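Below: one structure, written as structure tokens.
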Amino acid sequence: MTPPANLRVLIAEDETLVRQGIRKLLELDSRIEIVAEAGDGEEALRLIEETKPDVVLLDVRMPRLDGLGVLRALQERPEAPPCLVLTTFDDRSLVLEAIREGAKGFLRKDVSLSQLVGAIETLAAGGTCLQPAVTESLLRGLHARPPLAAQAPALVETLTPRETEVLRLLAAACTNREIAEALGTAEGTVKIHVSNILSKLGARDRTQAVLRSLEMGLV
């Protein structure tokens, strides 16, 4: 699936300077159209309903209704757009919760324009985005929190060695094509492995699969 030619984006961020900075940055790419800006979660939900964006850039910490509340509310809407959480290294626990609540990806706020646009394109095309630096931070946080690991779900079925290799590359934010090139196999074969991984982990998408694999110590 390919992203739409023009990408309609809504920015939900309570800090005005940060929000305007993200907008100015994205406006440098002619494919991006900023359809709305929201300064809190309640406003974000209203504007999402009104503007129907392709992707929502979502801050976790916002007044009135935080990012987690927005994600929970969107799970009840069948046509809800995918949300890309913009975070900092101090947001580990909130990012974990955001993924559980349906976020399709997360990036640090210090990413480049090309990384941000690439992530928006990926989500608009139905994919997920996991930034390696944040994944590594989450992994360190999970290792420091044994109670969370103790609550990890059990595997439905043991992963094969090749599926484990694919899972590690998923955690490194590799695309199916990049995984295929790294393993010397066909992209179609990688898609089959990814499907098997999701099934065995009981995950709804790649983002949740990586989260669960981190909790279970598989990567």
Open item on the list: Modelling each spin label as a point 7 Å along the Cα-to-Cβ direction, I'd like the residue 49/residue 186 distance in nm, to one decimal.
Closed with: 4.7 nm
Open item on the list: Stokes-Einstein diffusion coefficient for the stretch 7-141 at 25 °C in a medium of 0.890 mPa s, Rh from the Kirkwood formula over Cα pairs: what value in µm²/s?
Closed with: 170 µm²/s
Task: Whole-angstrom gap from the stretch 165-183 to the stretch 20-80, using each part's C-alpha centre - done: 29 Å
TODO: Would you please give the residues with an amide H less than 5 Å from that of residue 8, counting only those at least 5 places away or on a separate chain, with H modeled from the backbone geometry?
DONE: 33, 54, 55
TODO: Go ahead and run the numbers for FRET between residue 16 and residue 216, Cβ-Cβ distance against an R0 of 35 Å, rounding to 0.05.
DONE: 0.30
- [ ] Please list, in chain and number order, the residues 5+ apart from residue 129 or on another chain whose amide H is under 5 Å from its amide H, with Hs placed from the backbone.
- [x] 105, 106
Open item on the list: Give me the one-decimal nm value for the distance between modelled label points at residue 162 and residue 196, 7 Å along each residue's Cα-to-Cβ direction.
Closed with: 0.6 nm
- [ ] Rank the residues 35, 70 as a footprinting-exposure proxy: fewest other Cβ atoms within 10 Å of their Cβ go first.
- [x] 35, 70
Task: Sorted by Cβ density within 10 Å, fewest first, the residues 46, 168, 19 - done: 46, 168, 19
Task: Simple spin-label estimate for residue 29 and residue 178 in nanometres, 7 Å along Cα-Cβ - done: 1.5 nm
- [ ] Take 28, 155, 10, 94 and order them by how many other Cβ atoms sit within 10 Å, fewest up front.
- [x] 28, 155, 94, 10
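Every read-out reported here was derived from the displayed coordinates using simple, explicitly stated rules and does not represent laboratory data. Worth saying up front: this structure is predicted, and the values here are computed from it rather than measured. Here Cβ is always computed from backbone atoms with ideal geometry, including for glycine, and neighbour counts include all displayed protein chains.
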